[in-house]
Amino acid sequence: MSAPKKLFIKTYGCQMNVYDSERMAEALGGEGYVETKSPDDADMILLNTCHIREKAAEKVYSELGRFKGLKAEKPDLKIGVAGCVAQAEGQEIMRRQPLVDLVVGPQSYHRLPEMEAKARTGEKVLDTDFPEEDKFEKLKNRPKAKRGPTAFLTVQEGCDKFCAFCVVPYTRGAEVSRPADRILREAQDLVERGVREITLLGQNVNAYHGAGPNGDMTLAQLIWELDKVDGLERIRFTTSHPNDMQDDLIEAHGTCAKLMPYLHLPVQAGSDKILKRMNRAHTAESYLRLIERIRAARPDILISGDFIVGFPEETEEDFQATLDLVEEVKYGTAYSFKYSTRPGTPAAERAQVDPAAADDRLQRLQALLTKQQREVQDSMVGRDVTVLFEKAGRFPGQMVGKSDYLHAIHVADCDRAIGDLARVRILSSGANSLAGALIEK
Ligand code: 5AD
Ligand code: SF4
(Lines give C-alpha, C1' and ligand atoms only; values in the text may rest on other atoms or scores of the structure.)
(Ligands and ions follow the chains in the order given, each with its own letter.)
Protein backbone atom coordinates (compact mmCIF):
# COMPACT_ATOMS: atom_id res chain seq x y z
CA MET A 1 0.00 0.00 0.00
CA SER A 2 1.25 3.49 -0.78
CA ALA A 3 1.77 6.01 2.01
CA PRO A 4 -1.38 7.98 2.82
CA LYS A 5 -1.74 11.36 1.21
CA LYS A 6 -1.63 14.28 3.60
CA LEU A 7 -4.24 16.99 3.95
CA PHE A 8 -3.70 20.34 5.61
CA ILE A 9 -6.83 22.38 6.35
CA LYS A 10 -6.73 25.91 7.67
CA THR A 11 -10.02 27.18 9.04
CA TYR A 12 -11.03 30.82 9.26
CA GLY A 13 -14.14 32.39 10.73
CA CYS A 14 -17.08 30.90 12.56
CA GLN A 15 -17.78 27.58 14.26
CA MET A 16 -19.72 26.41 11.24
CA ASN A 17 -16.48 26.48 9.29
CA VAL A 18 -14.82 24.41 12.03
CA TYR A 19 -17.61 21.85 11.65
CA ASP A 20 -17.38 21.93 7.85
CA SER A 21 -13.60 21.43 7.96
CA GLU A 22 -14.09 18.27 10.01
CA ARG A 23 -16.61 17.00 7.45
CA MET A 24 -14.23 17.79 4.57
CA ALA A 25 -11.40 15.93 6.31
CA GLU A 26 -13.70 12.94 6.75
CA ALA A 27 -14.80 13.05 3.08
CA LEU A 28 -11.21 13.12 1.87
CA GLY A 29 -10.32 10.52 4.53
CA GLY A 30 -12.38 8.14 2.38
CA GLU A 31 -9.95 8.93 -0.47
CA GLY A 32 -6.92 7.97 1.61
CA TYR A 33 -6.03 11.35 3.07
CA VAL A 34 -4.87 11.81 6.64
CA GLU A 35 -4.66 15.23 8.26
CA THR A 36 -1.35 16.94 8.92
CA LYS A 37 -0.68 19.95 11.10
CA SER A 38 1.76 21.55 8.68
CA PRO A 39 1.34 22.72 5.08
CA ASP A 40 4.98 21.75 4.38
CA ASP A 41 4.35 18.01 4.09
CA ALA A 42 0.84 18.24 2.62
CA ASP A 43 -0.32 16.79 -0.71
CA MET A 44 -3.39 18.95 -0.53
CA ILE A 45 -3.97 22.28 1.20
CA LEU A 46 -7.50 23.54 1.80
CA LEU A 47 -8.26 27.00 3.09
CA ASN A 48 -11.75 27.10 4.57
CA THR A 49 -12.42 30.78 4.32
CA CYS A 50 -14.58 33.51 5.83
CA HIS A 51 -16.08 36.44 3.95
CA ILE A 52 -17.93 38.20 6.76
CA ARG A 53 -15.58 41.20 6.90
CA GLU A 54 -13.17 42.53 4.31
CA LYS A 55 -10.04 41.74 6.34
CA ALA A 56 -11.08 38.09 6.60
CA ALA A 57 -11.23 37.78 2.80
CA GLU A 58 -7.93 39.61 2.20
CA LYS A 59 -6.13 37.25 4.60
CA VAL A 60 -6.93 34.39 2.24
CA TYR A 61 -5.11 35.98 -0.66
CA SER A 62 -2.02 36.72 1.38
CA GLU A 63 -2.01 33.15 2.76
CA LEU A 64 -2.31 31.73 -0.77
CA GLY A 65 0.67 33.82 -1.90
CA ARG A 66 2.76 32.16 0.80
CA PHE A 67 2.29 28.72 -0.76
CA LYS A 68 4.08 29.74 -3.97
CA GLY A 69 7.44 28.29 -2.87
CA LEU A 70 5.85 25.05 -1.68
CA LYS A 71 4.05 24.54 -4.95
CA ALA A 72 7.25 25.21 -6.92
CA GLU A 73 9.04 22.51 -4.90
CA LYS A 74 6.15 20.09 -5.10
CA PRO A 75 4.24 20.35 -8.37
CA ASP A 76 1.81 17.61 -7.29
CA LEU A 77 0.60 19.70 -4.36
CA LYS A 78 -3.05 20.66 -4.87
CA ILE A 79 -4.39 23.86 -3.35
CA GLY A 80 -8.09 24.39 -2.75
CA VAL A 81 -10.21 27.25 -1.44
CA ALA A 82 -13.44 26.39 0.37
CA GLY A 83 -15.93 28.39 2.43
CA CYS A 84 -17.60 31.72 1.91
CA VAL A 85 -14.82 33.49 -0.02
CA ALA A 86 -14.93 30.55 -2.44
CA GLN A 87 -18.68 31.00 -2.77
CA ALA A 88 -18.52 34.76 -3.25
CA GLU A 89 -15.42 35.09 -5.41
CA GLY A 90 -14.83 31.67 -7.00
CA GLN A 91 -13.90 32.82 -10.52
CA GLU A 92 -12.02 35.81 -9.16
CA ILE A 93 -9.84 33.57 -6.95
CA MET A 94 -8.89 31.39 -9.92
CA ARG A 95 -8.03 34.50 -11.93
CA ARG A 96 -6.18 36.32 -9.18
CA GLN A 97 -4.22 33.35 -7.85
CA PRO A 98 -3.16 30.76 -10.47
CA LEU A 99 -1.80 28.52 -7.68
CA VAL A 100 -5.36 27.49 -6.86
CA ASP A 101 -6.48 24.14 -8.34
CA LEU A 102 -9.88 23.82 -6.75
CA VAL A 103 -12.64 26.11 -5.49
CA VAL A 104 -15.52 24.63 -3.53
CA GLY A 105 -18.48 26.50 -2.04
CA PRO A 106 -20.00 25.55 1.34
CA GLN A 107 -22.90 23.66 -0.24
CA SER A 108 -20.73 21.38 -2.39
CA TYR A 109 -18.43 19.67 0.12
CA HIS A 110 -19.92 16.25 -0.54
CA ARG A 111 -18.52 16.53 -4.07
CA LEU A 112 -14.96 17.06 -2.85
CA PRO A 113 -13.76 13.49 -3.55
CA GLU A 114 -14.70 13.77 -7.26
CA MET A 115 -13.29 17.28 -7.40
CA GLU A 116 -10.01 16.14 -5.90
CA ALA A 117 -9.74 13.33 -8.46
CA LYS A 118 -10.33 15.79 -11.28
CA ALA A 119 -7.78 18.23 -9.87
CA ARG A 120 -5.23 15.36 -9.80
CA THR A 121 -5.53 15.12 -13.60
CA GLY A 122 -4.39 18.72 -13.83
CA GLU A 123 -7.80 20.24 -14.39
CA LYS A 124 -8.94 23.39 -12.56
CA VAL A 125 -12.19 22.63 -10.74
CA LEU A 126 -14.86 25.02 -9.45
CA ASP A 127 -18.15 24.12 -7.77
CA THR A 128 -20.19 26.81 -6.05
CA ASP A 129 -23.67 25.43 -6.75
CA PHE A 130 -26.51 25.35 -4.24
CA PRO A 131 -27.70 21.75 -4.76
CA GLU A 132 -30.90 20.48 -3.17
CA GLU A 133 -29.44 17.46 -1.38
CA ASP A 134 -28.27 17.36 2.25
CA LYS A 135 -24.51 17.61 1.94
CA PHE A 136 -23.97 16.23 5.45
CA GLU A 137 -25.98 13.12 4.67
CA LYS A 138 -23.69 12.53 1.68
CA LEU A 139 -20.63 13.07 3.85
CA LYS A 140 -21.48 10.28 6.25
CA ASN A 141 -18.71 7.75 5.55
CA ARG A 142 -16.85 8.75 8.64
CA PRO A 143 -14.44 6.63 10.64
CA LYS A 144 -15.67 5.88 14.19
CA ALA A 145 -12.76 7.69 15.77
CA LYS A 146 -12.85 8.70 19.43
CA ARG A 147 -13.56 12.38 19.95
CA GLY A 148 -13.02 15.04 22.57
CA PRO A 149 -15.80 15.89 25.04
CA THR A 150 -17.28 18.80 23.04
CA ALA A 151 -18.53 18.93 19.46
CA PHE A 152 -20.40 21.14 17.03
CA LEU A 153 -23.38 19.85 15.12
CA THR A 154 -24.87 21.84 12.25
CA VAL A 155 -28.68 21.78 12.35
CA GLN A 156 -29.52 24.72 10.13
CA GLU A 157 -27.69 26.66 7.50
CA GLY A 158 -28.18 29.86 5.56
CA CYS A 159 -30.27 32.90 6.39
CA ASP A 160 -33.31 34.71 5.01
CA LYS A 161 -32.95 37.81 7.18
CA PHE A 162 -30.87 39.96 4.82
CA CYS A 163 -29.41 42.34 7.39
CA ALA A 164 -28.16 45.22 5.24
CA PHE A 165 -24.47 44.66 6.14
CA CYS A 166 -24.25 40.89 5.89
CA VAL A 167 -23.01 38.51 3.18
CA VAL A 168 -24.34 35.31 4.77
CA PRO A 169 -27.63 35.17 2.79
CA TYR A 170 -25.51 35.35 -0.38
CA THR A 171 -22.64 33.02 0.60
CA ARG A 172 -24.57 30.40 2.57
CA GLY A 173 -27.85 30.78 0.72
CA ALA A 174 -31.44 30.50 1.86
CA GLU A 175 -32.28 29.12 5.29
CA VAL A 176 -32.43 25.31 5.31
CA SER A 177 -33.04 23.10 8.37
CA ARG A 178 -31.82 19.50 8.55
CA PRO A 179 -34.41 16.84 9.42
CA ALA A 180 -34.47 15.99 13.13
CA ASP A 181 -33.82 12.23 12.73
CA ARG A 182 -30.48 12.90 11.01
CA ILE A 183 -29.44 15.30 13.73
CA LEU A 184 -30.42 12.84 16.46
CA ARG A 185 -28.48 10.04 14.75
CA GLU A 186 -25.45 12.25 14.48
CA ALA A 187 -25.76 13.27 18.14
CA GLN A 188 -26.02 9.62 19.20
CA ASP A 189 -22.92 8.81 17.15
CA LEU A 190 -20.99 11.70 18.72
CA VAL A 191 -21.93 10.54 22.22
CA GLU A 192 -20.77 6.99 21.41
CA ARG A 193 -17.44 8.50 20.42
CA GLY A 194 -16.99 10.31 23.74
CA VAL A 195 -18.78 13.62 23.25
CA ARG A 196 -20.54 15.03 26.36
CA GLU A 197 -21.50 18.49 25.12
CA ILE A 198 -23.00 19.40 21.76
CA THR A 199 -23.34 22.91 20.38
CA LEU A 200 -26.06 23.07 17.75
CA LEU A 201 -24.96 25.35 14.95
CA GLY A 202 -26.83 27.52 12.51
CA GLN A 203 -26.45 31.05 11.14
CA ASN A 204 -30.02 31.49 12.37
CA VAL A 205 -30.24 28.50 14.65
CA ASN A 206 -33.40 29.47 16.51
CA ALA A 207 -35.27 29.68 13.20
CA TYR A 208 -34.77 25.90 13.06
CA HIS A 209 -37.81 24.14 11.62
CA GLY A 210 -36.53 20.75 10.49
CA ALA A 211 -38.86 17.89 9.63
CA GLY A 212 -39.81 15.68 12.58
CA PRO A 213 -42.08 12.64 12.89
CA ASN A 214 -45.17 14.86 13.31
CA GLY A 215 -44.38 17.80 11.06
CA ASP A 216 -41.79 20.53 11.44
CA MET A 217 -40.06 20.85 14.79
CA THR A 218 -38.94 23.97 16.63
CA LEU A 219 -35.44 24.27 18.06
CA ALA A 220 -36.87 23.76 21.56
CA GLN A 221 -38.54 20.51 20.47
CA LEU A 222 -35.26 19.34 18.97
CA ILE A 223 -33.48 20.20 22.22
CA TRP A 224 -36.01 18.16 24.20
CA GLU A 225 -35.32 15.18 21.91
CA LEU A 226 -31.58 15.60 22.47
CA ASP A 227 -32.26 15.83 26.20
CA LYS A 228 -33.28 12.14 26.03
CA VAL A 229 -29.89 11.03 24.62
CA ASP A 230 -28.15 9.12 27.42
CA GLY A 231 -24.58 10.22 27.96
CA LEU A 232 -25.14 13.65 26.44
CA GLU A 233 -24.77 16.04 29.37
CA ARG A 234 -24.86 19.51 27.87
CA ILE A 235 -26.61 21.25 25.00
CA ARG A 236 -25.81 24.69 23.60
CA PHE A 237 -26.84 26.48 20.43
CA THR A 238 -25.61 29.43 18.40
CA THR A 239 -26.30 31.92 16.73
CA SER A 240 -29.81 33.19 17.44
CA HIS A 241 -31.78 36.11 16.05
CA PRO A 242 -33.93 38.09 18.54
CA ASN A 243 -37.00 37.80 16.30
CA ASP A 244 -36.91 33.99 16.33
CA MET A 245 -36.66 33.62 20.10
CA GLN A 246 -39.89 31.66 20.52
CA ASP A 247 -41.72 31.07 23.81
CA ASP A 248 -40.93 27.34 23.95
CA LEU A 249 -37.20 28.05 23.62
CA ILE A 250 -37.28 30.66 26.38
CA GLU A 251 -39.19 28.21 28.55
CA ALA A 252 -36.68 25.41 27.82
CA HIS A 253 -33.97 27.62 29.31
CA GLY A 254 -35.82 27.42 32.60
CA THR A 255 -36.81 23.75 32.49
CA CYS A 256 -34.30 21.71 30.47
CA ALA A 257 -31.42 20.80 32.77
CA LYS A 258 -29.10 19.88 29.90
CA LEU A 259 -29.61 23.23 28.17
CA MET A 260 -26.80 25.49 29.37
CA PRO A 261 -27.43 28.97 30.85
CA TYR A 262 -25.68 30.82 28.04
CA LEU A 263 -27.26 32.64 25.12
CA HIS A 264 -25.56 34.38 22.21
CA LEU A 265 -28.16 36.89 21.08
CA PRO A 266 -26.69 39.58 18.81
CA VAL A 267 -28.37 42.98 18.81
CA GLN A 268 -25.82 44.78 16.55
CA ALA A 269 -26.79 48.32 17.64
CA GLY A 270 -28.84 50.24 20.18
CA SER A 271 -30.33 52.98 18.01
CA ASP A 272 -33.72 52.27 16.44
CA LYS A 273 -32.80 54.40 13.43
CA ILE A 274 -29.69 52.27 12.78
CA LEU A 275 -31.50 49.00 13.54
CA LYS A 276 -34.09 49.95 10.95
CA ARG A 277 -31.41 50.76 8.38
CA MET A 278 -29.73 47.48 9.20
CA ASN A 279 -33.04 45.76 8.37
CA ARG A 280 -32.98 44.04 11.77
CA ALA A 281 -36.78 44.15 12.23
CA HIS A 282 -36.49 44.65 16.00
CA THR A 283 -36.03 47.71 18.20
CA ALA A 284 -33.76 48.31 21.16
CA GLU A 285 -36.82 48.22 23.41
CA SER A 286 -38.15 44.92 22.02
CA TYR A 287 -34.69 43.39 22.49
CA LEU A 288 -34.50 44.59 26.09
CA ARG A 289 -37.98 43.20 26.86
CA LEU A 290 -36.91 39.90 25.31
CA ILE A 291 -33.82 39.75 27.55
CA GLU A 292 -36.11 40.41 30.53
CA ARG A 293 -38.31 37.45 29.59
CA ILE A 294 -35.32 35.18 29.11
CA ARG A 295 -33.92 36.22 32.49
CA ALA A 296 -37.30 35.63 34.10
CA ALA A 297 -37.11 32.02 32.83
CA ARG A 298 -33.45 31.56 33.79
CA PRO A 299 -32.20 34.34 36.08
CA ASP A 300 -28.52 33.32 35.99
CA ILE A 301 -28.27 33.06 32.17
CA LEU A 302 -25.16 34.63 30.69
CA ILE A 303 -25.95 36.84 27.70
CA SER A 304 -23.53 37.28 24.85
CA GLY A 305 -23.82 39.59 21.84
CA ASP A 306 -22.43 40.96 18.59
CA PHE A 307 -22.12 44.66 17.79
CA ILE A 308 -21.27 46.70 14.74
CA VAL A 309 -20.07 50.29 15.13
CA GLY A 310 -19.73 52.83 12.34
CA PHE A 311 -22.61 51.47 10.30
CA PRO A 312 -23.46 53.98 7.51
CA GLU A 313 -25.07 57.14 8.89
CA GLU A 314 -24.40 56.23 12.54
CA THR A 315 -24.10 59.48 14.52
CA GLU A 316 -22.50 59.98 17.92
CA GLU A 317 -26.02 59.99 19.37
CA ASP A 318 -26.83 56.66 17.71
CA PHE A 319 -23.63 55.22 19.11
CA GLN A 320 -24.53 56.49 22.57
CA ALA A 321 -27.76 54.47 22.29
CA THR A 322 -25.61 51.34 21.77
CA LEU A 323 -23.62 52.13 24.91
CA ASP A 324 -26.88 52.69 26.83
CA LEU A 325 -28.25 49.34 25.70
CA VAL A 326 -25.03 47.59 26.73
CA GLU A 327 -25.23 49.23 30.16
CA GLU A 328 -28.74 47.93 30.57
CA VAL A 329 -28.14 44.34 29.41
CA LYS A 330 -24.79 43.69 31.10
CA TYR A 331 -23.15 41.22 28.73
CA GLY A 332 -21.09 38.28 29.93
CA THR A 333 -19.20 38.13 26.64
CA ALA A 334 -19.45 40.10 23.42
CA TYR A 335 -17.93 40.48 20.00
CA SER A 336 -17.73 43.94 18.48
CA PHE A 337 -16.66 44.96 15.01
CA LYS A 338 -16.12 48.05 12.96
CA TYR A 339 -18.50 48.07 10.03
CA SER A 340 -16.83 46.59 6.97
CA THR A 341 -18.23 47.32 3.51
CA ARG A 342 -19.26 44.13 1.75
CA PRO A 343 -19.81 44.58 -1.99
CA GLY A 344 -23.26 43.44 -3.09
CA THR A 345 -24.94 44.15 0.25
CA PRO A 346 -27.42 47.09 0.49
CA ALA A 347 -25.37 49.08 3.03
CA ALA A 348 -22.33 49.11 0.75
CA GLU A 349 -24.00 51.82 -1.35
CA ARG A 350 -24.59 54.22 1.55
CA ALA A 351 -22.64 57.14 3.00
CA GLN A 352 -19.83 55.70 5.12
CA VAL A 353 -18.88 56.93 8.59
CA ASP A 354 -15.48 58.60 9.01
CA PRO A 355 -13.07 55.71 9.78
CA ALA A 356 -11.39 57.60 12.63
CA ALA A 357 -14.77 58.15 14.33
CA ALA A 358 -15.60 54.46 13.87
CA ASP A 359 -12.23 53.44 15.40
CA ASP A 360 -12.87 55.68 18.37
CA ARG A 361 -16.36 54.23 18.90
CA LEU A 362 -15.07 50.69 18.66
CA GLN A 363 -12.49 51.41 21.34
CA ARG A 364 -15.07 52.94 23.66
CA LEU A 365 -17.52 50.09 23.14
CA GLN A 366 -14.84 47.46 23.67
CA ALA A 367 -13.68 49.15 26.86
CA LEU A 368 -17.23 48.98 28.23
CA LEU A 369 -17.78 45.37 27.09
CA THR A 370 -14.44 44.24 28.54
CA LYS A 371 -15.31 45.87 31.85
CA GLN A 372 -18.70 44.12 31.92
CA GLN A 373 -17.20 40.80 30.93
CA ARG A 374 -14.72 41.08 33.77
CA GLU A 375 -17.45 42.04 36.27
CA VAL A 376 -19.60 39.08 35.28
CA GLN A 377 -16.58 36.77 35.50
CA ASP A 378 -15.52 38.19 38.88
CA SER A 379 -19.07 37.70 40.20
CA MET A 380 -18.52 33.94 39.87
CA VAL A 381 -15.96 33.94 42.69
CA GLY A 382 -17.36 32.07 45.71
CA ARG A 383 -19.97 30.27 43.61
CA ASP A 384 -20.18 26.56 42.86
CA VAL A 385 -20.35 25.61 39.19
CA THR A 386 -20.26 22.41 37.15
CA VAL A 387 -17.17 22.00 35.00
CA LEU A 388 -16.69 19.73 31.99
CA PHE A 389 -12.97 18.96 31.78
CA GLU A 390 -11.55 19.39 28.28
CA LYS A 391 -7.77 19.14 28.68
CA ALA A 392 -4.85 18.94 31.07
CA GLY A 393 -3.53 22.27 32.33
CA ARG A 394 -0.02 23.66 32.08
CA PHE A 395 0.91 22.56 35.59
CA PRO A 396 1.10 18.98 36.90
CA GLY A 397 -2.24 17.84 38.32
CA GLN A 398 -4.11 20.79 36.83
CA MET A 399 -7.15 20.33 34.58
CA VAL A 400 -8.95 22.90 32.44
CA GLY A 401 -12.61 22.88 31.53
CA LYS A 402 -15.67 25.04 30.96
CA SER A 403 -18.40 25.97 33.38
CA ASP A 404 -22.08 25.92 32.43
CA TYR A 405 -21.63 29.62 31.63
CA LEU A 406 -18.77 28.84 29.24
CA HIS A 407 -16.11 30.39 31.45
CA ALA A 408 -12.72 28.68 31.25
CA ILE A 409 -11.97 27.14 34.67
CA HIS A 410 -8.55 25.95 35.90
CA VAL A 411 -8.61 23.38 38.69
CA ALA A 412 -5.39 22.48 40.53
CA ASP A 413 -4.83 19.15 42.27
CA CYS A 414 -7.52 17.58 40.11
CA ASP A 415 -7.72 13.82 39.70
CA ARG A 416 -10.52 13.91 37.11
CA ALA A 417 -10.25 12.79 33.47
CA ILE A 418 -11.00 14.62 30.23
CA GLY A 419 -14.75 14.31 29.66
CA ASP A 420 -15.61 14.17 33.38
CA LEU A 421 -18.02 16.62 34.96
CA ALA A 422 -17.44 17.85 38.50
CA ARG A 423 -18.71 20.46 40.92
CA VAL A 424 -16.11 23.15 41.48
CA ARG A 425 -15.96 26.08 43.89
CA ILE A 426 -14.63 29.21 42.19
CA LEU A 427 -11.76 30.74 44.17
CA SER A 428 -10.39 33.52 42.00
CA SER A 429 -10.79 35.38 38.74
CA GLY A 430 -7.90 36.06 36.34
CA ALA A 431 -7.55 37.89 33.03
CA ASN A 432 -9.40 35.37 30.87
CA SER A 433 -10.27 32.51 33.17
CA LEU A 434 -11.33 31.47 36.65
CA ALA A 435 -9.57 29.20 39.11
CA GLY A 436 -11.41 26.76 41.34
CA ALA A 437 -11.15 23.65 43.48
CA LEU A 438 -13.06 20.37 43.36
CA ILE A 439 -15.81 20.37 45.96
CA GLU A 440 -15.71 16.60 46.48
CA LYS A 441 -12.39 14.88 46.29
N1 5AD B 1 -19.10 44.46 9.02
C2 5AD B 1 -18.82 44.28 10.34
N3 5AD B 1 -19.31 43.28 11.06
C4 5AD B 1 -20.13 42.40 10.45
N5 5AD B 1 -20.77 41.32 10.91
C6 5AD B 1 -21.47 40.77 9.90
N7 5AD B 1 -21.29 41.49 8.77
C8 5AD B 1 -20.46 42.52 9.09
C9 5AD B 1 -19.92 43.61 8.36
N10 5AD B 1 -20.19 43.80 7.08
C11 5AD B 1 -20.73 40.89 12.30
C12 5AD B 1 -22.13 40.88 12.94
C13 5AD B 1 -22.45 39.43 13.02
C14 5AD B 1 -21.08 38.82 13.23
C15 5AD B 1 -20.96 37.37 12.96
O16 5AD B 1 -20.24 39.56 12.38
O17 5AD B 1 -22.04 41.46 14.23
O18 5AD B 1 -23.35 39.12 14.08
FE1 SF4 C 1 -26.30 37.91 8.61
FE2 SF4 C 1 -27.17 37.07 11.02
FE3 SF4 C 1 -28.44 39.07 9.73
FE4 SF4 C 1 -28.60 36.56 8.80
S5 SF4 C 1 -29.40 37.34 10.79
S6 SF4 C 1 -28.25 38.40 7.58
S7 SF4 C 1 -26.55 35.79 9.27
S8 SF4 C 1 -26.32 39.09 10.55
If we keep only residues of the range 288-326 that are within 16 Å of ligand 1 (Cβ to nearest atom) and among the charged types (D, E, K, R), then the residue farthest from Arg374 (Cα to Cα) is Glu313
Quick count over the range 312-326, residues being of a type in the set (Val, Ile, Thr) and not in a loop (DSSP other than H, G, I, E, B), is 2
A careful count of residues in the range 41-51 that are over 12 Å from Glu116 (Cα atoms) and out of contact with any helix residue (DSSP H, G or I) (no Cβ under 7 Å at 6 or more places or on another chain) gives 2
For Gln156, the lone unmet condition from (1) open to solvent by 20 Å² or more (accessible area, probe 1.4 Å); (2) within 16 Å of ligand 1 (Cβ to nearest atom); (3) within 24 Å of Ala82 (Cβ to Cβ) is (1)
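For the range 231-248, enumerate the residues that are out of contact with any His (no Cβ under 7 Å at 6 or more places or on another chain), open to solvent by less than 40 Å² (accessible area, probe 1.4 Å) and within 16 Å of ligand 2 (Cβ to nearest atom).
Answer for the range 231-248, where residues must be out of contact with any His (no Cβ under 7 Å at 6 or more places or on another chain), open to solvent by less than 40 Å² (accessible area, probe 1.4 Å) and within 16 Å of ligand 2 (Cβ to nearest atom): Phe237, His241, Asp244, Met245.
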Taking the range 188-217 and keeping residues touching a Leu at 6+ places or on another chain (Cβ under 7 Å), open to solvent by 40 Å² or more (accessible area, probe 1.4 Å) and among the aliphatic types (A, V, I, L, M) leaves none
Picked from the range 95-132 (must be farther than 17 Å from Leu47 by Cβ and in contact with a strand residue (DSSP E or B) (Cβ under 6 Å, 6 or more places away or on another chain)), the residue modelled with the highest pLDDT is Lys118
Counting only strands (runs of 3 or more DSSP E) entirely within the range 1-101, those with at least 3 residues that are open to solvent by less than 50 Å² (accessible area, probe 1.4 Å) and either within 16 Å of ligand 2 (Cβ to nearest atom) or of a type in the set (A, V, I, L, M) (or both) are 44-49, 78-82
Of the listed residues (Asp324, Asp306), the one being surrounded by fewer than 20 Cβ atoms within 10 Å (Cβ to Cβ) and touching a strand residue (DSSP E or B) at 6+ places or on another chain (Cβ under 6 Å) is Asp306
Given (1) open to solvent by less than 30 Å² (accessible area, probe 1.4 Å); (2) of a type in the set (Gly, Ala, Ser); (3) in the same structural domain as Leu232 (by TED's automatic domain parsing), Ala119 misses just (3)
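The values are calculated or read from the model by the stated rules, or taken from the named source; none is laboratory data. Source: prediction; values computed, not measured. Glycine gets a Cβ as well: all are built from the backbone with ideal geometry, and neighbour counts include every protein chain shown. Note: areas computed on protein heavy atoms with side chains; ligands, DNA, RNA excluded. Shrake-Rupley method; radii C 1.70, N 1.55, O 1.52, S 1.80 Å.
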